[in-house]
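Asks: Have a look at the structure that comes next, please.
Please treat every number below as a calculation from the coordinates, not as lab data. Please read all numbers here as calculations on a predicted model, not as lab measurements. No Cβ is skipped: glycine too gets one built from the backbone with ideal geometry, and neighbour counts run over all protein chains shown.
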Amino acid sequence: ATLDVFAWTKGVLGWESVRLMSFDGVRVLVGYAWIVAAFLFELGGALGDRQLQLIAHLGGWRRQAKHPPGKRVLTWGLERLAVYLMMQEQRSDPRRRDEIDTLLHDLFAP
C-alpha cells in the first residue's frame, strides 16, 4: 500500500512543475498530497479534516454525505493548490508582481 501511495502522490504532484517552487511551497503541497492520499487509501484520513475539505473544494466537490470526493476531484484540487502556490511565489517578487498583475489586467480588462 505504501508504494501505491507514493506512486500516486508522485504522479499527482507532477515533479517537473514542482521543481519550480520554493522549499516552503513544495513542503505545503507534499503535506496536502499525503493528507489526500491517507484519505483515498484509507490510511487514517477523514473527510472532517479541514485540509482535505479545502482540496476537495478546490477540486469542485460540493459537500454531500453520500458522495465523498474521489481521486479525480482531489487530484484537481491538488493541481489548483500547486498553481496557487506557484503564483504566490512569483508575485512575492515586486518586479514579477507588477508584470503578472499587468498581464492579468490586460487579459480581463473590458
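Asks: Residue by residue, what Karplus-based ³J(HN,Hα) values in Hz, rounded to whole numbers, does the range 31-42 have, using 6.51, -1.76 and 1.60 with θ = phi - 60° and x for Gly and Pro?
Replies: Going residue by residue, I get x, 5, 4, 6, 5, 5, 4, 4, 6, 5, 9, 6 Hz, with x marking Gly and Pro.
Asks: Further question: Take A109 and L54, extend 7 Å from each Cα along the Cα→Cβ direction, and tell me the distance between the two endpoints in nm.
Replies: Simple spin-label model gives 3.4 nm for this pair.
Asks: Report, by chain and number, residues whose modeled amide H sits under 5 Å from the one on G59, excluding near sequence neighbours (fewer than 5 apart, same chain).
Replies: The list, which skips near neighbours in sequence, is G77.
Asks: Using the Karplus curve 6.51 cos²θ - 1.76 cosθ + 1.60 with θ = phi - 60°, work out ³J(HN,Hα) for each residue of the range 71-78 in order, rounded to whole Hz, and write x for Gly and Pro.
Replies: Each residue of the range 71-78 in turn: 4, 4, 4, 5, 5, 4, x, 5 Hz.
Asks: Sticking with this one: Extension gain S22-T102, at 0.36 nm per residue separation less the Cα-Cα distance, in nm? Don't skip to the end; give the middle numbers.
Replies: Details: separation 80, 0.36 × 80 = 28.80 nm, distance 2.36 nm.
Between S22 and T102, full extension yields an extra 26.4 nm.
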